[in-house]
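What follows is a single structure, written as structure tokens, with notes after it.
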Amino acid sequence: GPLSDRSLMEVRLGELPAWLATRDFSPQGLLGGVQKAWSSYYNKYINVKRGGPAGISMLLAGYCLLSYSWNYQHISKISFLASV
Amino acid sequence: MNLSFFDQFTSPYLLGIPLILVSTMFPALLLPSTDNRWLPNRLCTLQLWLSHLITKQLMVPLNKKGHKWALILTSLMTLLLMINLLGLLPYTFTPTTQLSMNMALAFPLWFATLLTGLRNQPSTSLGHLLPEGTPTPLIPALIMIETTSLLIRPLALGVRLTANLTAGHLLIQLISTATITLLPLIPTVSLLTTLILLLLTILEVAVAMIQAYVFVLLLTLYLQENI
């Protein structure tokens, strides 16, 4: 279909800049994008008939990774030699 | 540059956004709202069971008027439980280690219970300042003691939560530093310290849940006296 209607997974690598140009980057657009991403994750991994710990564990692992990257500048300044 | 042990309690900034903001809003993702279905998914079932348990436990001692507080108390309990437990994951930040946040939760809620009591039944609320059966000469001293105990309640609520969680996190950090430092020197003692660390982590999980419960339970107790 037309470039602006396709989702990210269906866009070929060469078409990526053109596709990015068609995206809506206003606050409402970004919020809508976040909402869409969350509901697609939720419906694929959590909102299933016989779910298990996997859906939530991925979310928690992602949260740990996010916290790590948020902390990185601070943590990277430890020198181990100073404590020995 | 060496890291001091209290550095884990400073909220790190990235692009000007403090991590405490993300940490406070993250539990909302883990508690999805139910659709218009009776049994949406297993996560919602678990969440419903937990919120029923919490609400029943907190609301049974209260009278009918107190049941208006059910929503705020249950959601407060769920928030504190989630925040405390999420803080035990590696690299995460626990907002309830900040005294400012806990006082912001404790003081308005305690003050609301006090004002409810003073507005609706002022003599009964003031009557709580004097326990029954006190000998007459002790009355003035006891009134002052009870007033102090009343006024110190919000401070106690806030500081209790902060101190418990901060102490737990600090202990975990200290013992893990000891384990890592001892590993090349005396591996046996390092193994013992790892055992202590394991037990401490189990304790911290329990403390996280208990402290959230105690916070909200005390608020219901203060509400019982005043409503």
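The values are calculated or read from the model by the stated rules, or taken from the named source; none is laboratory data. Treat the numbers as computed from the prediction; the structure is a model and nothing was measured. Cβ placement follows ideal geometry from the backbone for every residue including glycine, while neighbour counts extend to all protein chains displayed. Ligands, DNA and RNA are stripped out before the accessible areas are found, and what is left, the full protein with its side chains, is counted by its heavy atoms. Shrake-Rupley method; radii C 1.70, N 1.55, O 1.52, S 1.80 Å.
Can you run phi through the Karplus equation (6.51, -1.76, 1.60; θ = phi - 60°) for region B:182-199 and list ³J(HN,Hα) in whole Hz, with x for Gly and Pro?
In residue order, the calculated couplings are 7, 4, x, 8, 10, x, 5, 5, 5, 5, 4, 5, 5, 4, 4, 4, 4, 4 Hz.
Which aspartates and glutamates have a Cα less than 16 Å from the Cα of B:K64, not counting those fewer than 8 places away in the same chain?
Correct list for B:K64: B:E225.
Evaluate 2.2 N^0.38 Å with N set to the residue count of chain B, then give the Cα radius of gyration divided by it.
1.25
At 1.4 Å probe radius, can you tell me the per residue accessible area of the protein assembly as shown in Å²?
Accessible area per residue, the protein assembly as shown: 62 Å².
Which FRET efficiency value, to the nearest 0.05, do you get for A:L60 and B:L150 by plugging their Cβ-Cβ distance into 1/(1 + (r/R0)^6) with R0 = 45 Å?
Step by step, r from the Cβ atoms, then E = 0.65.
Using +1 on the beta carbon of Lys and Arg, -1 on that of Asp and Glu, and nothing else charged, what's the dipole of region A:1-51 about the Cα centre, debye to 20?
It comes to approximately 340 debye.
Taking B:K68 as the anchor, which lysines have their alpha carbon closer than 25 Å to its alpha carbon, excluding any fewer than eight residues away along the same chain?
B:K56
Taking every Cα atom in chain A, find the radius of gyration and the maximum pairwise distance Dmax, and write them in Å.
19.2, 62
Using only protein heavy atoms and a 1.4 Å probe, report how much of A:V48 is accessible, in Å² to the nearest 10.
Looks like 40 Å² after rounding.
Over all directions, what mean area does the Cα convex hull of the protein assembly as shown project, stated in square nanometres?
Its Cα hull, projected and averaged over all orientations, spans 25.4 nm².
Hey, what angle do you get for helix B:70-86 against the long axis of chain B, alpha-carbon based, 0 to 90 degrees rounded to 10?
Long axis of B:70-86 versus the principal axis of chain B: about 20 degrees.
On the first, second and third principal axes, largest extent first, how far apart are the outermost C-alpha atoms of region B:27-121 in Å?
That gives 45, 37, 20 Å along the principal axes, largest extent first.
Let me check something: with ligands and nucleic acids excluded, how do B:Y222, B:Y13 order by accessible area (1.4 Å probe), largest to smallest?
Final ranking, largest accessible area leading: B:Y13, B:Y222.
Within the accessible area of region B:188-227, what % is carbon and sulfur when the probe is 1.4 Å and the other protein chains stay in place?
For region B:188-227, the apolar C and S fraction of the accessible surface comes to 86 percent.
Of A:Q35, A:V48, A:G1, whose Cα points farthest to the positive end of the dipole of region A:1-51 (charges on the beta-carbon: +1 Lys, Arg; -1 Asp, Glu; origin at the Cα centre)?
A:V48
Given Cβ point charges of +1 (Lys, Arg) and -1 (Asp, Glu) and nothing else, what value in debye, to the nearest 20, does the dipole of chain B about its Cα centre take?
Computed charge dipole of chain B: roughly 580 debye.
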